[in-house]
Amino acid sequence: MRYIDLTGTIENGMWEYGDPYPKVEITQICSVEDDCLYAEYKVNAHKITFSSSSGTYVQSSSEMFSDRDTIEKISLNRLIIKSAVMKIPKGAREKVTVEDLETSGVIPEKGGGLIVATGWDSHWNMPDFVTHSPHFTPESMEWILQKKVSLLAGDMSLYDDYHNPTGLLRDLFKQDLLVVAPLIHLDRITHPFITLMALPLKIVGVSGSPCRVIAIEA
């Protein structure tokens with residue numbers, strides 16, 4: 001059994017989506033040098049501010065449909081799932097096309113997960129990470145939806161075109177897929193199918209949450 005951590009680090013000064021999403025802020029509120037709690041129990045403690053879409057996160061369809069399950073209600077069998085891995089190298093603002101998906105050499109399974117690795121995680125925390133992310137075309141997203149997968153994951157910060165959005169996420173969430181993004185270290189995966197484990201914080205009433213994501217290779 002081999003475990004691969006696919007989670008980006010949350011830290012001060014990291015990339016962000018911009019307003020209305022807040023910047024990540026991590027502030028120490030107690031230290032072992034201070035007396036802010038009890039003299040006999042000096043501790044290190046922090047205040048952490050982030051959005052539901054900070055770092056690597058899981059997003060449910062309740063982001064766009066208020067009658068859908070929020071993140072604390074999503075069952076584990078949707079978050080720990082056999083997933084196909086497609087490696088489709090792309091650069092800044094390049095499109096993942098139907099041809100790319102069909103010639104990847106991997107066919108996703110109905111009800112399973114699909115992970116698309118473009119290599120864009122190499123731009124993590126660079127100024128262009130969000131604005132120049134590779135993205136799917138409407139046709140390639142329709143191809144994915146027709147495969148009836150239940151989860152779509154990737155290393156892109158956006159699945160739609162940042163500059164000319166076409167509503168891809170609404171189509172995806174309408175079919176009640178989970179989104180896991182953006183991932184890192186997908187190049188370390190060597191098998192076409194892995195078990196993906198994406199565990200969000202169990203926060204009541206929110207559509208998504210930062211999470212720890214692990215690939216398990218048998």
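Coordinate-derived values only; no laboratory data. Fair warning: this is a prediction, and the values are worked out from it, not measured in the lab. We place every Cβ from the backbone using ideal geometry, glycine too, and count neighbours over all the protein chains shown.
Over 21 Å between C-alpha atoms is what I'm after, so list which of LYS87/LYS202; LYS73/LYS174; LYS47/LYS202; LYS174/LYS202; LYS23/LYS82; LYS95/LYS147 land there.
Too far apart for the 21 Å limit: LYS87/LYS202; LYS174/LYS202; LYS23/LYS82.
Please tell me the relative contact order of the chain in percent, rounded to the nearest whole number, where contacts are Cα pairs under 8 Å and at least six residues apart.
30 percent
Once each part is reduced to its C-alpha centroid, what is the distance from the range 1-50 to the range 204-218 in angstrom?
18 Å
With a ≥ b ≥ c taken as the square roots of the eigenvalues of the C-alpha gyration tensor of the chain, please select rounded if a/c is under 1.5 and otherwise prolate if a/b is larger than b/c or oblate if it is not?
On the way: a/c = 1.74, a/b = 1.68, b/c = 1.04.
Because a/c hits 1.5 or more and a/b exceeds b/c, the chain counts as prolate.
If you take every residue apart from ARG93 with its C-beta less than 14 Å away from the C-beta of ARG93, what net charge results, scoring Lys and Arg +1 and Asp and Glu -1? Don't skip to the end; give the middle numbers.
Details: positive: LYS90, LYS95; negative: GLU94, ASP128, ASP160, ASP161.
Net charge around ARG93: -2.
If you build a Gaussian network model of the chain, linking Cα atoms that sit under 10 Å apart, which residue out of SER54, SER157, SER62 swings the most?
Its mean-square fluctuation being the largest, the pick is SER62.
Which trypsin sites (Lys or Arg not before Pro) from the range 18-117 combine a DSSP loop assignment with at most 11 other Cβ atoms within 10 Å?
LYS110
What does the charge add up to near LYS82, with Lys and Arg as +1, Asp and Glu as -1, over the other residues with Cβ less than 15 Å from its Cβ?
Combined, the nearby Lys, Arg, Asp and Glu give +2.
In the chain, what % of DSSP beta bridges are antiparallel (nearest 5)?
Percentage antiparallel, nearest 5: 65.
Can you list the HN-Hα couplings for the range 73-80, worked out from phi with the Karplus curve (6.51, -1.76, 1.60; θ = phi - 60°), rounded to whole Hz and with x for Gly and Pro?
Those phi angles translate into 9, 6, 6, 5, 6, 8, 9, 10 Hz.
Give the residue list of chymotrypsin sites (Phe, Trp or Tyr not before Pro) in the range 64-139 that are DSSP loop and have at most 15 other beta-carbon atoms within 10 angstrom.
On the way: sites: PHE65, TRP120, TRP124, PHE129, PHE136; in loops: PHE65, TRP124, PHE129.
In loop regions of the range 64-139 (DSSP not H, G, I, E or B), the sparsely surrounded chymotrypsin sites (Phe, Trp or Tyr not before Pro) are PHE65.
Can you work out ³J(HN,Hα) from phi for every residue in the range 86-92, in order, using Karplus 6.51 cos²θ - 1.76 cosθ + 1.60 and θ = phi - 60°, giving whole Hz and x for Gly and Pro?
Values per residue, Gly and Pro as x: 9, 9, 10, x, 9, x, 4 Hz.
Could you tell me whether the range 98-218 comes out rounded, prolate or oblate from its Cα gyration tensor? Rule is a ≥ b ≥ c as square roots of the eigenvalues, rounded for a/c under 1.5, then prolate if a/b exceeds b/c, otherwise oblate. Write down the numbers at each step before the final one.
Details: a/c = 1.09, a/b = 1.02, b/c = 1.07.
Cα axes put the range 98-218 in the rounded bin.
Go ahead and set up a Gaussian network model of the chain, Cα springs under 10 Å, then flag whichever of MET197, MET141, MET64 fluctuates most.
MET64
Given axes a ≥ b ≥ c from the Cα gyration tensor, I'd like to know whether the range 1-106 is rounded (a/c under 1.5), prolate (a/b larger than b/c) or oblate. Before the final figure, lay out each step's value.
Numbers: a/c = 2.10, a/b = 2.01, b/c = 1.04.
Prolate shape, in that a/c is at least 1.5 and a/b is the bigger ratio.
Would you look at the GNM of the chain, springs on alpha carbons closer than 10 Å, and say which of GLN59, GLN28, GLN146 moves the most?
Of the options given, GLN28 has the highest mean-square fluctuation.
Where does the charge balance sit around ILE107 when Lys and Arg score +1, Asp and Glu -1, over other residues with C-beta under 15 Å from its C-beta?
Details: positive: LYS82, LYS87, LYS110, LYS147, LYS148; negative: GLU99, ASP100, GLU102, GLU109.
Overall, the nearby charge balance is +1.
Can you give the helix-only mean residue ellipticity at 222 nm for the chain, where every DSSP H stretch with n ≥ 4 adds -39500 (n - 2.57) and the sum goes over all residues, rounded to the nearest 500 deg cm²/dmol? Write out the running numbers ahead of the final one.
Details: 4 runs with 25 residues, N = 218.
The per-residue figure over the chain is -2500 deg cm²/dmol.
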